[in-house]
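For reference, the structure is listed below as structure tokens.
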Amino acid sequence: MIGSGNCSLVIRGTELNFNEIEKNLKIKPSRLVTKGEVISKVIGKSQYDLWIYDLKFEELKKTDQDLKKLLSILNPYKSYIQYIAKHADVRIKCYVQSDYAQINFELSPNVIAEIADMNIKLEISILSWGRVKY
């Protein structure tokens, strides 16, 4: 595996109304987590409710395109996202992983501007398994 990952909309808060979020965003979440639910053996119990929508990708080179695709899904609901961001932690999260130590991808100025216009956080998580490509 050279690189893969996902771009996600993550809404984190207490007492989130999952049905209301789904109704207003008109997309089904990839994962719902309620406060106190065990996320994993390593992380343990969640301290928050989580509403997560993921778009998975298989190539790091297309991270910008995949993020643009996620934004095109979310942009029609920008006002609702900004509304809920006043009451919850809302962010776009890009998670990338690679077998190799060398990881890079680009974000276009247009994608950066769209995220800034949405006025929510961007989180980028990178996991490298450390191999070297000769």
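Here are the numbers:
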| read-out | value |
| --- | --- |
| Segment 40-73 - residue that is assigned to a helix (DSSP H, G or I) and touching a helix residue (DSSP H, G or I) at 6+ places or on another chain (Cβ under 6 Å) and, of those, nearest to Glu106 (Cα to Cα) | Asp64 |
| Close pairs (6 angstrom Cβ cut-off, 6 or more residues apart or separate chains): within 15 Å of Glu20 (Cα to Cα) in segment 70-88, of a type outside the set (A, V, I, L, M) and part of a helix (DSSP H, G or I) anywhere | Tyr80/Asn24 |
| Test: Ser46 is over 17 Å from Cys7 (Cβ atoms), polar (S, T, N, Q) and under 18 Å from the mean Cα position of the chain (by Cα) | yes |
| Only listed residue being assigned to a strand (DSSP E or B) and at positive phi, chosen from Gly130, Gly36 | Gly130 |
| All positions within segment 86-101 that are under 13 Å from Gly5 (Cα atoms) and of a type in the set (Asp, Glu) | Asp99 |
| Output for segment 81-125, where each listed residue is surrounded by 12 or more Cβ atoms within 10 Å (Cβ to Cβ), in contact with a Gly (Cβ under 9 Å, 6 or more places away or on another chain) and at pLDDT below 95 | His87, Cys94, Tyr95, Val96, Gln97, Ser98, Asp99, Tyr100, Ile103, Phe105 |
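Residue by residue, here is whether (1) among the basic types (Lys, Arg); (2) in contact with a Phe, Trp or Tyr (Cβ under 6 Å, 6 or more places away or on another chain) holds:
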site: Asn19; (1), (2): no, no
site: Lys26; (1), (2): yes, no
site: Ser30; (1), (2): no, yes
site: Ile39; (1), (2): no, no
site: Leu74; (1), (2): no, no
site: Gln102; (1), (2): no, no
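The values are calculated or read from the model by the stated rules, or taken from the named source; none is laboratory data. Remember, predicted model here, so these are calculated numbers, not experimental data. Using ideal geometry, Cβ is built from the backbone for each residue, glycine included, and neighbour counts are taken over all protein chains shown.
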